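K.L.:
Take a look at this one; I'll ask things after.
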Amino acid sequence: MRMKHSRLGIATMLTIIASLMLLPTAPTSYAGNDCRPDQIQLLNQGAMPFGAKVVLAQTFIPNAPGHQVCQVKVIINKNMLGAGNLTLHLLRSNFAELDVPVTIPGGPIPMGTSVQAFNFGCNGAALAGNPFYGLKLESPGSPFGAYSWKGVGGNPYVQPGPAGRGWRNVKAGVGNWTSLAAWDYAFEVYTCD
């Protein structure tokens, strides 16, 4: 039993180190603005499948309200060779769209685990006036299970109320969302200075 826990601890540590190497937090520049990390949750010992009508979301509270999101990074698994495009939406606290979504073509995404960056630039809607915000990840042109969003249970990204947790919807984002309470997806949100 002790050996099993030791292996799990080593695997967890290696996963965290690999995540830190995959998601560099150096500032990026967009149209003369610095793009700096605002929210980070990198733990990813598991994954939730999505595709077709199943969409996933992660809520967060920005450290710098009033700024625009310039980039979001997520850790995903591509599980099927013919998986379609990935689209990321910024959401208000009522899960309505905050800004124009960004889509990444599915073809160039490698099979297995990768970090995908969605670039919003610095010309979108500001994170202002809502108690929290969300990231909605979907691939409506893919079958269910074509992708998985990496994450972890145990609520490592602690935020008050409905902020700071994973969500799931099985009706293409329409209607009620199911809170995954203690589940958090692996993500980084960058905002413009």
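K.L.:
At a Cα cut-off below 30 Å, give the lysines reachable from Lys171, other chains included and same-chain residues fewer than 8 away excluded.
P.N.:
Excluding near neighbours in sequence, the set is Lys53, Lys73, Lys78, Lys136, Lys150.
K.L.:
Going by amide H atoms built from the backbone, whose H comes under 5 Å of the H on Gly84, apart from near neighbours?
P.N.:
For Gly84, whose amide H was placed from the backbone, the distant partners under 5 Å are Ser142.
K.L.:
Suppose every K and R has +1 on its Cβ and every D and E has -1 on its Cβ; what is the size of the dipole of segment 128-193 about the Cα centre, in Debye to the nearest 20?
P.N.:
280 debye
K.L.:
How far apart, in nm, are the 7 Å Cα→Cβ label points at Met80 and Ala181?
P.N.:
3.1 nm
K.L.:
Over all alpha-carbon pairs in segment 92-193, figure out the percentage whose distance exceeds 16 Å.
P.N.:
When every Cα pair of segment 92-193 is considered, 65 percent fall beyond 16 Å.
K.L.:
Where does the charge balance sit around Gly46 when Lys and Arg score +1, Asp and Glu -1, over other residues with C-beta under 13 Å from its C-beta? Numbers along the way, then the final one.
P.N.:
Numbers: positive: Lys150; negative: Asp184.
Result for the local shell: 0.
K.L.:
What list of ³J(HN,Hα) values in whole Hz, one per residue of segment 177-184 in order, does the Karplus curve 6.51 cos²θ - 1.76 cosθ + 1.60 (θ = phi - 60°) give from phi, with Gly and Pro shown as x?
P.N.:
With coefficients 6.51, -1.76 and 1.60, one gets 9, 9, 6, 9, 6, 8, 9, 10 Hz.
Throughout, read-outs are computed from the coordinates displayed, never taken from laboratory work. For clarity, every value in this text was computed on a predicted model and none was experimentally measured. Using ideal geometry, Cβ is built from the backbone for each residue, glycine included, and neighbour counts are taken over all protein chains shown.
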